[in-house]
Amino acid sequence: MIALALMFFFPLYMTFINGFKSYNEVVTSVVALPEVFQLENFITVWKQLQFFGVFMNSIIITVVSVAGTLLISSMAAYQLVRRPGRVSNVIFLSILASLIIPFQTLMVPLVKVAKDLGFINSLHGIIIMYWGFGVPLALFLYHGFIKGIPRELEEAAHIDGCGTFGVFFKILLPLLKPITTTIAILHSLWIWNDFLLPLITLSSNSTRTIPLAANIYFGQYTNEWHLAMAALTMAVVPIILFFLFMQRYIIQGITAGAVKG
């Protein structure tokens, strides 16, 4: 386990220490610690990438995409579980079938449809696309979790005068907290670090995300490694802190319902 942990930690170590080096230091001693920890690279990246703007784009896209995915998939899973039948099974399996389709096969038709709908170079457009790609997995996880929740809780709420929306938001949704947190963490990590979907749908400087903006340091003939490492360090630090803060909920979400009292 120690060896495995070191293997996964090594790329982070390389990214972090090389962000504080000059270009010559990076190309001559990539593994060694910097002779002097300098912040010039980070200052340059902040100015060149207009980092606050791309950071806010990433925040908006990630938060709204994850929130929408959670709401859509949880409500859909609730209805599919509580209204079993042939139609529900067909809808559920049709949505799950999209999980086996590689994203690369959808790129060309996706760009064409997105262009026709006005989703290119817009934050709301890519957010809607993330909803479409994120719902199938979230729906699958919610579907299995809701099956373990007793229907009697909802029946008691209906007797007390709760409608369908009241039962969902007041009774069911709080019980879904472990799996909701797990899905939120997994989707946040995916959307924050995603490069391919923004690459094919966001070409305007005003809508770039952090991974897309940092790509300017990788060229055909030259690579500004010192600036690229600084940009990547600034990109991964927020999501690492978020993951460290929320990681305990992943275990709770995975093990929830494994033992019945």
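Taken together, the criteria place residue 185 among residues that are at pLDDT 80 or above and of a type outside the set (D, E, K, R).
Within segment 101-109, is even one residue more than 26 Å from residue 201 (Cβ to Cβ), free of Cβ contacts under 8 Å to residues at least 24 places away in the same chain and open to solvent by 80 Å² or more (accessible area, probe 1.4 Å)? No - not one qualifying residue is present in segment 101-109.
Within segment 211-227, how many residues are out of contact with any Lys or Arg (no Cβ under 8 Å at 6 or more places or on another chain), within 17 Å of residue 28 (Cβ to Cβ) and modelled with pLDDT under 85? Residues flagged as out of contact with any Lys or Arg (no Cβ under 8 Å at 6 or more places or on another chain), within 17 Å of residue 28 (Cβ to Cβ) and modelled with pLDDT under 85 within segment 211-227 amount to 4.
Put simply, of 27, 36, 45 the only residue that is part of a loop (DSSP other than H, G, I, E, B) and modelled with pLDDT under 90 is 36.
Of the residues 74, 65, the single one that is closer than 30 Å to residue 149 by Cα and touching a Leu at 6+ places or on another chain (Cβ under 8 Å) is 74. For residue 123, the criteria (1) at pLDDT 90 or above; (2) within 25 Å of residue 169 (Cβ to Cβ) hold in every case but one, which is (2). Every listed requirement among (1) more than 19 Å from the chain's Cα centre (by Cα); (2) polar (S, T, N, Q); (3) open to solvent by less than 60 Å² (accessible area, probe 1.4 Å) is met by residue 181 save one, (1).
Every listed requirement among (1) touching a Leu at 6+ places or on another chain (Cβ under 7 Å); (2) aliphatic (A, V, I, L, M); (3) open to solvent by 50 Å² or more (accessible area, probe 1.4 Å); (4) under 30 Å from residue 227 (Cβ atoms) is met by residue 56 save one, (1). Kindly list the number of the only condition in (1) part of a loop (DSSP other than H, G, I, E, B); (2) at pLDDT 80 or above that fails for residue 261. Answer for residue 261: the failing condition is (2).
Just to verify a result, which residue in segment 142-173, among those that are buried (at least 17 other Cβ atoms within 10 Å of the Cβ) and touching a residue at least 60 places away in the same chain (Cβ under 8 Å), is nearest to the chain's Cα centre (by Cα)? In this case the residue turns out to be 142. Of the residues 16, 10, the single one that is more than 20 Å from the chain's Cα centre (by Cα), surrounded by 13 or more Cβ atoms within 10 Å (Cβ to Cβ) and of a type outside the set (S, T, N, Q) is 16. Within segment 69-92, residues that are in contact (Cβ under 8 Å) with a residue 12 or more places away in the chain and open to solvent by less than 70 Å² (accessible area, probe 1.4 Å) have Cβ atoms under 8 Å from residues that are of a type in the set (A, V, I, L, M, F, W, C) and not in a helix (DSSP H, G or I) in these pairs: 74/176, counting only partners at least 6 apart in sequence or on another chain.
The values are calculated or read from the model by the stated rules, or taken from the named source; none is laboratory data. Source: prediction; values computed, not measured. Backbone-built Cβ (ideal geometry, glycine too); neighbour counts: all protein chains shown. Surface areas here come from the heavy atoms of the whole protein model, side chains and all, with no ligands, DNA or RNA. Shrake-Rupley method; radii C 1.70, N 1.55, O 1.52, S 1.80 Å.
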